[in-house]
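The values are calculated or read from the model by the stated rules, or taken from the named source; none is laboratory data. Only a predicted model underlies this, so the values are computations on that prediction, with no experimental measurement involved. Here the Cβ positions follow ideal geometry from the backbone for every residue, glycine too, while neighbour counts run over all protein chains shown. Note: accessible area is taken over every heavy atom of the protein model, side chains too, but ligands, DNA and RNA are not part of it. Shrake-Rupley method; radii C 1.70, N 1.55, O 1.52, S 1.80 Å.
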Amino acid sequence: MIDSFVDTLNQIDAVTVDDDEVAAYASEDQFNALSVELLKEVGSFVCIAASILPAATKRWSRDQAIFGGHLVRLFKLISALLDQICQERRETTFILSRLAFETIVNLTYLIERGSPKVFDEYIRFSLRQEKRLYDRVVANIAARGGVRLPIEDRMLSSISSAVGKSGFAIADLSPTEPKSWGEKTLRQRAEAVGYEVVYLAAFGGGSQNIHGNWMDLLEYHLDKEGDGFAPSLEWHRPRPQVGLAIAQMTADVVWRFFSFVDAFSEVEGLDERLKDLEGRINRANSAHERFLTNRMNVS
């Protein structure tokens, strides 16, 4: 299934993580640069994983498309994260990393716990909003005696098309059920696949940044001055922890996916190559932690 990608795999350059050189880093900018290169490498593996199609049909089934869509989404989020790290915008790197984290957790959960029931729940959960909107449009049409506006025809047609592509009919859907998919919240899914500590330590508060809660405003968009506040219009420099954490988790979920589709038995050395990548990311992470500890001791 993955034989046609062997040449592409061989074109991915392994980023050098020289322990002595990294130990001599004098600023976080150097760690950010290293995290960018490691993200580019792991992103290349994501792109390859996202391009695996069944040999016979060259098309995914609906349930296979859930896996594939997550991989494509993750690849695009990593690409956007790379852009924002390079533009030195911490605010948006946090938002993008939180989105990437959720994608990784969901994909990992689907790999480990996926079933026809879970796949249906995943789609039904997303289609609740479509059902609510469809019902509102139909109610509005009924309230004016059956007169349909052109925009309503387009909306109903678009919703019906999406629902049909998803393998359902409008009548099959509920505007309120299921309350979640996999019968778990994001935190519970993270816990189920071994990411709870990462969730609590690094990404649990990321929803603050996504939704623009007070803590996001206070940290990045306001300056406390005297008894009031002033706008903070400057971008903050990114921190290496974000890129390195996403690189680490991405390497893990890609390994799980390749194992899931039995790619390791088809491509010699793929397992070792991914484990080597994980090891280099871990070493970069550890080196950055030592850098922070040393800087704290000096200050």
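Brief remarks follow.
- In loop segments of segment 11-89 as defined by DSSP, the chymotrypsin sites (Phe, Trp or Tyr not before Pro) with at most 15 further C-beta atoms inside 10 Å of their C-beta are 60.
- Cα→Cβ-extended label distance, 7 Å offset, between residue 115 and residue 296, nm: 4.4 nm
- Taking the three principal axes of the alpha carbon atoms in segment 126-186, the coordinate ranges are 42, 22, 18 Å, sorted in descending order.
- Counting only Cβ charges, +1 for Lys and Arg and -1 for Asp and Glu, the dipole size of segment 225-299 around its Cα centre is about 340 debye.
- Ordering 238-248, 14-24 by mean Cβ neighbour count within 10 Å, with the highest value first, yields 238-248, 14-24.
- Simple label model, 7 Å out from Cα along Cβ direction - residue 60 to residue 283, nm: 3.4 nm
- Computed with a 1.4 Å probe over protein heavy atoms only, the accessible surface of segment 182-259 comes to 53 Å² per residue.
- FRET efficiency, residue 86 to residue 187 (Cβ-Cβ, R0 25 Å, nearest 0.05): 0.20
- For segment 264-279, putting each phi into the Karplus relation 6.51 cos²θ - 1.76 cosθ + 1.60 with θ = phi - 60° gives couplings of 5, 6, 9, 10, 5, x, 5, 4, 5, 5, 5, 5, 5, 4, 4, x Hz, in residue order, rounded to whole numbers and with x for Gly and Pro.
- Unsatisfied cross-links (Cα-Cα over 19 Å) in the set 76/184; 58/275; 117/184: 76/184; 58/275
- Accessible surface of the chain [probe 1.4 Å, protein heavy atoms]: carbon and sulfur percent: 52 percent
- Mean Cβ neighbour count within 10 Å, used as a protection proxy, ranking 253-259, 153-159 highest first: 253-259, 153-159
- Cβ-placed point charges (K, R +1; D, E -1), dipole of segment 23-94 about Cα centre in debye, nearest 20: 560 debye
- The lysines within cross-link reach of residue 165, meaning a Cα-to-Cα straight distance under 16 Å and a gap of 8 or more places when in the same chain, are 131.
- Added length on full extension, which subtracts the Cα-Cα distance from 0.36 nm per residue, residue 128 to residue 8: 39.2 nm
- Scattering curve values for segment 185-246, log₁₀ I(q)/I(0), Debye with Cα scatterers, q = 0.30 Å⁻¹: -1.24
- Using the alpha carbons alone, the radius of gyration of segment 73-140 stands to its Kirkwood radius in an Rg to Rh ratio of 1.16.
- For segment 18-76, the set of trypsin sites (Lys or Arg not before Pro) satisfying both a DSSP loop assignment and a count of at most 10 other C-beta atoms within 10 Å is given as 58, 59.
- Model label sites at residue 30 and residue 262, defined 7 Å from Cα along the beta-carbon direction, differ in position by 4.7 nm.
- Legend: calculated FRET efficiency, residue 196 to residue 148, from the Cβ-Cβ distance at R0 = 45 Å, rounded to 0.05, equals 0.35.
- Whole-Å distance, taken between Cα centres, linking segment 246-276 and segment 19-58: 13 Å
- The radius of gyration of the Cα set in the chain, together with its Dmax, comes out at 22.6, 77 angstrom.
- You can think of it this way: the chain between residue 207 and residue 136 has 22.7 nm of extra reach, that is 0.36 nm per residue less the Cα-Cα gap.
- Result for the chain in a Gaussian network model with C-alpha springs under 10 Å: among 217, 107, 34, the largest mean-square fluctuation is at 217.
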